[in-house]
Amino acid sequence: MIHEDVVCPFCGCLCDDIAVTTEDNMITDVKNGCAISKSKFMNHHLNLLESALVDNMKVSLDEAVGRAVEILTNADNPLIYGLSSTECEAQRHAIHLAELLGATIDQTASVCHGPTILGTQDAGCVKCTLGEVKNRADLIIYWGCNPAEAHIRHFRRYSVFPEGLFRKSKKEREVVVVDVRNTASARIATTFLQIAPGTDFETISLMRAYLKGKGDALPDEFKNLVERMKRCEFGIMFFGLGLTMSRGKHLNVDAALRLVRDLNEYTKFSITPMRGHYNVAGAGSTMAWITGYPFAVNFSMGYPVSNPGEFSAVDVLARKECDAALIIASDPVANFPAESWKHLADIPTIVMDPKVSLTSRIAKVSIPVATAGIEAEGTAYRMDGIPLRLKKVVDTTRLSDAAVLSRMIEKVRA
Amino acid sequence: MKIVLLSGRTTKQGVTAEIGKTSDDYLQNVAVIQLNPTLMEQMGAKDGDTVEVQTAHGSAVVMCHKSDIGENMGFIPYGPWANLLIGTETQGTGMPDSKGVEAELKKTDKNVESVDELLARIVEGRK
Amino acid sequence: MIIKNGTVYDPANNINGEKVDIFIEKGKIVDESELRDKKEIEASGLVVLPGGVEIHTHIAGSKVNIARIMRPEDHRKDVVRKTPYQRSGTGYTVPTTFTIGYRYAEMGYTTVWEAAAPPLGARHSHEELLDIPIVDKGIFTLMGSNYFVLKYTEEGEFEKLKNFVAWLLHATKGYAVKIVNPGGVESWKWGKNVSSLDDTVQNFNVTPREILKNLARAADELHLPHSIHVHCNNLGSPGNYAITRETIEMLSPYRRHITHIQFNSYAGEDWGTFTSGGSDIAATLNKSKNVTCDVGQVIFGDATTMTADGPWQHTLFKLSGNKWANSDVEMETGAGIVPYRFKKKNVVNAIQWSIGLEVLLLTEDPYKVFLTTDHPNAGPFYHYPQVMELLMSRKKREEMLETVHPLVKERSVLPSIEREYSLSDLAVVTRAGTARALGMTAKGHLGVGADADISIYRFDEEQIQKSFQKAAYTIKDGVIVVKDGTVVADHMGKTYVLDVKADLSEEERQIFSKYYTVQVSNYPVEEAYLPQKEVVTCR
């Protein structure tokens, strides 16, 4: 059986044209997807968490959920973390659970585009959906990101190559890549501009000064770039973790947001972050509509309070402030600084994941779940905020994240 | 050898993480550092040799590969090895300094730790 | 359930302050003979009204949520604790979803409409509606700069346009055709705008006048329960009352609803000569048929402006210097968001405040003009009781006029208006009138067959604002959801959708797959987002 127009649950591109062939409830072929997408669909059944575990002993799902709830309700300051690789329905339940527990809840944006959110809170953000880029952009800038390896179909579907309403091919678009290293993406660019690591803020700020007639110190190739940005009909800047993870962080993003904002005095210019996990935008969305804040939220007062740096997971763990943790669809042991994640080994940690992860290896309780977007339906938000319906292409006896979390909520309320 | 450490995604890292984080494929693709050939020559390292990377926050042994990256830089794909080398300070943002950390590089005879060894080293004695 | 001995105002059924008992069974208002559950609410001395029906608010979806994300400083001022019946949240100008439901219900409102859903983001709007408790709800679908609407208007293909409108309402699970700055939002995608009904849209040989007429005709011919819902061109600009008047007049005889008309009732040539056009607009409303409007009354204090009118939001960013978000949506629409503060001593703000009241008071037929604040554009919805007091009390208006910029007395006729709203008038502009304009036959009245959505107040004419801030009881679907201004039940309302059905042609599918970035099969909002729906027949 061929499932057409399946949404890929890997990266923020959320490609929705994947054709997945299944035979006897096994995926046998994947068309249209990138290499990572294919790997995700074809290998989703490998290295699974075979059973619910407590202290590495096999237990029933009910027992594991019961133990998890006991741990969480007995904790003074539990942490719930992850969310970006599961469906919105699960995210909404996770937030509800955090509220009931008086917990801290954070999602993976905090180590990804959290600084982008901080920049937006300061400067606003002039953005557009990816179809606007395909249909209109004649100048496309990728800054501090490497879609050729991280968002593999971005060029082909959304920006450089597709036929759009007003731009018919790559010939009608100028592509600029700015990075600290010569990446695979730089090879697609019409112009590659290399900068030294840690100089994004200076460069962008000088560009903005030059736009306002004051940036003499700006290198010529960037002066030239600013001129082209002013002259284009529709410009777009995509940016990645090159801005958010390096020195300056939210200030780098803030500078970029302000540069793009100011360009709208001259022409139409937008900016869009290259969101990583397929539903990290959804995690920010659900948290915002339920709590007002997209990440780093604490419920200990009985109402939501947000403070990145205080309630963000890396900090909470590094300061050893939480005494239990529930990790949903994420692997902080692989993704956090070692000095931060090792606290997870000192406290009772509960992991909900389809697969064995490094975090599940150190967890007290492991709960196997269905893979969202392959074995479970739900909503996911693309990097530009467009919501799509994840599909279920194979059956499983495992419960979805949402179903497991809803059981936990029932038990906490009982 | 002093370098500035960069981290990021690679296609192989993405593909193999989807096989499984404990798979050998994953280890082969994230316990690596991409270096400039000139730098490797200066260190006397060949493609596939192991190097020890040391920062203010920790150290990791990874396999080195040639790439056309700048001479003063090294690139490690996101993963547990890259995260041995970065600190927890977020300057109030929630985001650690994951890119642009200063590191010291030297050739080593040590082997790349397996996932189990890495976990055991960090977790050991903590429970 | 019986609501006994209350003083009932049910203008749709010509009940004006009479002592009438109301009988409720299975969520509906019934005849006494059908009553089974004899539980009583003793309402003597209390005022009983149909539940409030909000015709225009921004509570769910992409732009609202961008505003939430962008404004942490807003939320921290106004926190909402969890209770056994209530989820926690934050409030102030862009409240969280649960808080929105509770605050409307506490005020006695039981039906609310999200007034601007981008079609491609409709799934998001519906997902947020799932987290808005108590009230019935639904969305209006943005169409005024949609590619297919522009294309068919340009080509003179009305039947294709009509079919597309039906399909889009079906696909987005929308209830009405929303038009924002027709054509201007498309032009904004190139940084431009339109400024008259006869300007042409960038790259399309189409004018706002043609877009409006075609969509108005389509809405009428499809027998949609609500007319087109129009945010006029030139919103926010001095002198724009002229284009508003022209829009109302040229759309005759089609039905049309002009939204937040206060923002489009400005006379004067520039900010220096800014003056009220409210009385002129009210005169136009008085002599026109098939027209309704809501006011978008200014509330002094903090607001968050958000509209699909991208070019206006850019102007407002430049005027205010506040942070600015813009969000353009491929093939369809756009949005802009800018925080704003209305100040009593700012002459323009003060005149804006007077205009909403002028239109509400000078429009003779209360079934033509409704109370809104275009939440949160002119202020948060939970300040409605403040406006109710000003409408019902000339004395309160005079007191207020003493505190605002003195030029209001020269540039607005508000000081000379003697009219004071009766409770019946108030029930029309917040309930009976909005329900009728929306074509919601079971809402806005208390006759047999109506939904048992009822609000009961301890009315004190010396303290009108306080009287309406917190209902003594709010009853939704026959359930007491609010008592003494506090939520006492965990209740979920329904989402309203239409029974329209239409398909895209093969040609339309091809255009779609070329120029959208999602597959056409993944575009329509699935039933999963409508666990409790009410389907309204178009006839």
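Explain nothing, just the number: relative contact order of the range B:2-123, from Cα pairs under 8 Å at least 6 residues apart, as a whole percent.
35 percent.
The Cβ shell under 13 Å around residue A:4 holds other residues with a net charge of -2, Lys and Arg each +1, Asp and Glu each -1. For the pair the range B:1-33 / the range B:74-116, the C-alpha centres are spaced 12 Å from each other.
About its Cα centre, the dipole of the range A:114-273 is roughly 460 debye, where the only charges are +1 on Lys and Arg Cβ and -1 on Asp and Glu Cβ. A Förster radius of 51 Å, combined with the Cβ-Cβ distance separating residue A:414 from residue A:202, puts the computed FRET efficiency at roughly 0.35. To the nearest 0.05, how large is the calculated FRET efficiency for residue A:266 and residue B:43 if R₀ is 45 Å and r is the Cβ-Cβ distance? The formula returns an efficiency of 0.40 here. In terms of packing, defined here as the mean over residues of other Cβ atoms within 10 angstrom, the peptides A:108-120, C:287-299, C:402-414 line up highest first as A:108-120, C:287-299, C:402-414. With everything on Cα atoms, drop me the angle between helix A:250-263 and the longest principal axis of chain A, reported from 0 to 90° to the nearest 10. Result, in degrees: 40. Taking springs between alpha-carbon atoms closer than 10 angstrom, which of A:80, A:188, A:362 fluctuates most in the Gaussian network model of chain A? Looking only at A:80, A:188, A:362, the biggest GNM fluctuation is shown by A:188.
Per-residue Karplus couplings for the range A:371-376, computed as 6.51 cos²θ - 1.76 cosθ + 1.60 with θ equal to phi - 60°, are listed in order as 7, 4, x, 10, 10, 8 Hz, Gly and Pro entered as x.
Rounded to the nearest 500, the helix-only mean residue ellipticity at 222 nm of chain B stands at -7000 deg cm²/dmol, with each DSSP H run of n ≥ 4 adding -39,500 (n - 2.57). Under the shape rule built on the C-alpha gyration tensor, where the axes satisfy a ≥ b ≥ c, the protein assembly as shown is prolate, since a/c reaches at least 1.5 and a/b is greater than b/c. Computed over the range A:114-273, relative contact order equals 33 percent, with contacts defined as Cα pairs under 8 Å that lie 6+ residues apart. The amide H of residue A:377, built 1.01 Å from its N in the peptide plane, has no neighbour under 5 Å, considering only residues 5 or more places off or on other chains. According to the square roots a ≥ b ≥ c of the eigenvalues of the Cα gyration tensor, what is the shape class of the range A:114-273, taking rounded for a/c under 1.5, prolate for a/b larger than b/c otherwise, and oblate for the remainder? Because its axes are fairly even, with a/c under 1.5, the range A:114-273 counts as rounded. Of the three principal axes defined by the Cα atoms of chain C, the extents in descending order read 64, 55, 46 Å.
Here the Karplus curve 6.51 cos²θ - 1.76 cosθ + 1.60, taken at θ = phi - 60°, turns the phi angles of the range A:156-166 into couplings of 6, 8, 10, 9, 7, 9, x, 7, x, 4, 10 Hz, with x standing for Gly and Pro.
Between residue C:220 and residue A:395, the modelled label-to-label distance comes to 5.4 nm, taking each label 7 Å out from Cα in the direction of the beta carbon.
About its Cα centre, the dipole of chain C is roughly 940 debye, where the only charges are +1 on Lys and Arg Cβ and -1 on Asp and Glu Cβ.
Helix A:401-413 and the long axis of chain A differ in direction by around 50°, with both axes built from C-alpha atoms. Once the Cα atoms are used to define both axes, helix A:200-211 deviates from the longest principal axis of chain A by about 40 degrees. Other residues within the sphere of radius under 13 Å centred on the Cβ of residue A:218, judged by their own Cβ, net out at -1 (K and R +1, D and E -1). Taking A:216, A:62, A:323 in turn, the Gaussian network model of chain A (Cα-Cα springs below 10 Å) assigns the largest fluctuation to A:216. For a test of the definition: using alpha carbon positions, the gyration tensor, and the 1.5 limit on a/c, classify the range C:190-316 as rounded, prolate or oblate. Because a/c hits 1.5 or more and a/b fails to exceed b/c, the range C:190-316 counts as oblate. Taking amide H as placed 1.01 Å from N in the peptide plane, the amide H of residue A:238 sits under 5 Å from that of A:141, A:142, A:143, A:272, each at least 5 places away or on another chain. In chain A, the inverse of the mean reciprocal separation of distinct Cα atoms equals 22.2 Å; this is its Kirkwood hydrodynamic radius.
Our coupling estimate for the range C:285-293, obtained by passing each phi through the Karplus curve with A = 6.51, B = -1.76, C = 1.60 and θ = phi - 60°, is 4, 4, 9, 9, 10, 6, 10, 9, 8 Hz, Gly and Pro reported as x. Taking amide H as placed 1.01 Å from N in the peptide plane, the amide H of residue A:59 sits under 5 Å from that of A:52, A:53, A:54, each at least 5 places away or on another chain.
Write down the percent of antiparallel bridges among all DSSP beta bridges whose residues are both part of chain B, to the nearest 5.
60
Look at the alpha carbon pairs under 8 Å that are at least 6 residues apart: their mean separation over the length of chain C gives a relative contact order of 20 percent. For the range A:280-408, how big is Rg over Rh, using alpha carbon atoms and the Kirkwood form of Rh? Over the Cα atoms of the range A:280-408, Rg/Rh equals 0.97.
Rounded to the nearest 0.05, the FRET efficiency derived from the C-beta distance between residue C:85 and residue A:23 at R0 = 56 Å is 0.65. Counting only other chain Cβ atoms within 10 Å of each residue's Cβ, the peptide B:64-73 averages 2. Simple rule: put +1 on each Lys or Arg Cβ and -1 on each Asp or Glu Cβ in chain C, find the dipole, and look at C:108, C:524, C:69; the Cα lying farthest toward the positive end is C:69.
Rounded to the nearest 20 debye, the dipole size of the range B:2-123 about its Cα centre is 120 debye, using +1 on the Cβ of Lys and Arg and -1 on the Cβ of Asp and Glu. Using the Cβ of residue C:305 as centre and a radius below 12 Å, the other residues enclosed give a net charge of +1, where K and R count +1 and D and E count -1. Only helices enter this figure: runs of n ≥ 4 DSSP H residues, each worth -39500 (n - 2.57), summed and divided by the residues of chain C, yield -9000 deg cm²/dmol at 222 nm to the nearest 500. Note on the range C:59-117: the alpha carbon radius of gyration divided by the globular reference 2.2 N^0.38 Å gives 1.12.
What is the distance in Å between the Cα centroid of the range A:1-64 and that of the range C:313-352? Rounded to whole Å, the Cα centres lie 44 Å apart.
The separation of the range C:458-485 from the range A:358-391, counted between C-alpha centres, amounts to 43 Å.
Here, each number is a calculation from the coordinates, and none is a lab measurement. Please read these numbers as outputs of a predicted model, since none were measured by experiment. Using ideal geometry, Cβ is built from the backbone for each residue, glycine included, and neighbour counts are taken over all protein chains shown.
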